[in-house]
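This report concerns only the one structure given below.
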Amino acid sequence: FYLKNRAPSAISYRACLRSGLDDGFVDHFFGLDIVAYNAPAAHTDLLKIEEQRRLPRRAPWREFILFLPTQSFELQISDLRLFAA
């Protein structure tokens, strides 16, 4: 994925691919934390599918999730692109 963001105060957060299963779901976090600060910043990351042993090859549904900070924050996401191959 590609993301462009900005925040008045520096924050970090994480991205995850959630795969639905018949009995629940399984999360796979991307390797890098996303950092936003008081200037436009771009972030890219990827999941190497062949290295994800717990990632189901087929799933009824998938979600791209951003796990944001639990304290008060301000964040602007100006571009978010998801890619699949």
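Could you list all residues from region 14-46 that are more than 9 Å from the chain's Cα centre (by Cα), assigned to a strand (DSSP E or B) and more than 18 Å from ARG62 (Cβ to Cβ)?
Within region 14-46, VAL35, ALA36, TYR37, ALA39, ALA41, ALA42, HIS43, THR44 meet the criteria.
Which one of these is open to solvent by less than 80 Å² (accessible area, probe 1.4 Å) and among the acidic types (Asp, Glu): ASP79, ASP23, ASP33?
Testing whether each residue is open to solvent by less than 80 Å² (accessible area, probe 1.4 Å) and among the acidic types (Asp, Glu) leaves just ASP79.
Return the pair list, or none, for Cβ contacts closer than 6 Å from residues in region 50-66 that are free of Cβ contacts under 8 Å to residues at least 12 places away in the same chain and over 11 Å from LEU21 (Cα atoms) to residues that are open to solvent by 100 Å² or more (accessible area, probe 1.4 Å) and assigned to a loop (DSSP other than H, G, I, E, B), at least 6 apart or on different chains.
Qualifying pairs under 6 Å: none.
Confirm whether LEU3 is touching a His at 6+ places or on another chain (Cβ under 7 Å), assigned to a loop (DSSP other than H, G, I, E, B) and touching a residue at least 24 places away in the same chain (Cβ under 8 Å).
So LEU3 fails the test.
The values are calculated or read from the model by the stated rules, or taken from the named source; none is laboratory data. Just so we're clear, the structure is a prediction, and the values are computed from it rather than from any experiment. Cβ: placed from backbone, ideal geometry, glycine included. Neighbour counts: every protein chain shown. Ligands, DNA and RNA are stripped out before the accessible areas are found, and what is left, the full protein with its side chains, is counted by its heavy atoms. Shrake-Rupley method; radii C 1.70, N 1.55, O 1.52, S 1.80 Å.
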